[in-house]
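Colleague: This structure is in structure tokens; I'll ask about it shortly.
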Amino acid sequence: MDYPYTASDVQAILGRALAQQHHNEFSEAQLGEMAQELGIGPANLEQAKCDWLAEQQEAELRRSFDRKQRQDFKSHWITYMIVNAFLVGLNIVTPDSHPWSLYPLLGWGMVVMLDAAATFKWIDHDDYQKAFKKWKKKHKRLQD
């Protein structure tokens, strides 16, 4: 019985077959030959390469954005810990003092948790997309 393969099935099967042959890199000529053997025209191949390159660039931008988000969060977290350790220590050494250091500890702690939610994508995907687009626009302006 002949099994009907979808385009994604073919892509997955051929991808595995190429990986098993340990071909890590192919030349432009080899890519063209493979496309020709599969009946893919030069215009379609060129468009697919352009689309693939755009996806790779977008993925690299997202990785850069995520790194920046984590770096900013780490800085915020360290500042929070240092300042609040100082405030709690000050509160402890102050005799007969109300535990006033709990207020900034808890208040700022909620802000840090919101920052963590944004950084580690616990928030709505749309909010992440908005933040990414804003960063991408700013990043592009800085490069120009």
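Colleague: Within the set of pairs 6 or more residues apart or between chains, which connect a residue that is without any contact (Cβ under 8 Å) to a residue 24 or more places away in the chain and more than 24 Å from Val112 (Cα to Cα) inside region 83-101 to a residue that is part of a loop (DSSP other than H, G, I, E, B) and among the charged types (D, E, K, R) with Cβ atoms less than 9 Å apart?
Modeller: none
Colleague: Has region 73-81 got any residue that is surrounded by 10 or more Cβ atoms within 10 Å (Cβ to Cβ), polar (S, T, N, Q) and closer than 25 Å to Leu114 by Cβ?
Modeller: Scanning region 73-81, I find at least one residue that is surrounded by 10 or more Cβ atoms within 10 Å (Cβ to Cβ), polar (S, T, N, Q) and closer than 25 Å to Leu114 by Cβ, so the answer is yes.
Colleague: Continuing with this model, one more query. Within the group Gln71, Gln11, which residue is without any contact (Cβ under 8 Å) to a residue 24 or more places away in the chain, not assigned by TED's automatic domain parsing to the domain that holds Val111 and not small (Gly, Ala, Ser)?
Modeller: It is Gln11.
Colleague: Hey, can you tell me all the residues within region 116-144 that are at pLDDT below 85, charged (D, E, K, R) and surrounded by 12 or more Cβ atoms within 10 Å (Cβ to Cβ)?
Modeller: Within region 116-144, Lys121, Asp127 meet the criteria.
Colleague: May I ask you to verify whether Leu102 is at pLDDT 90 or above and among the aliphatic types (A, V, I, L, M)?
Modeller: Answer is yes for this residue.
Colleague: I need the full set of residues from region 56-68 which are touching a residue at least 24 places away in the same chain (Cβ under 8 Å) and small (Gly, Ala, Ser), in order please.
Modeller: Ser64
Colleague: Out of Trp100, Trp77, Trp122, which single residue is in a helix (DSSP H, G or I) and aromatic (Phe, Trp, Tyr)?
Modeller: Trp77
Colleague: Within region 80-97, track down each residue that is small (Gly, Ala, Ser) and either in a helix (DSSP H, G or I) or not assigned by TED's automatic domain parsing to the domain that holds Ala131 (or both).
Modeller: Across region 80-97, the qualifying residues are Ala85, Gly89.
The values are calculated or read from the model by the stated rules, or taken from the named source; none is laboratory data. The shown structure was predicted, so the numbers you read here are calculated from the model rather than taken from an experiment. Glycine also receives a Cβ, built like all others from the backbone with ideal geometry; neighbour counts cover every protein chain displayed.
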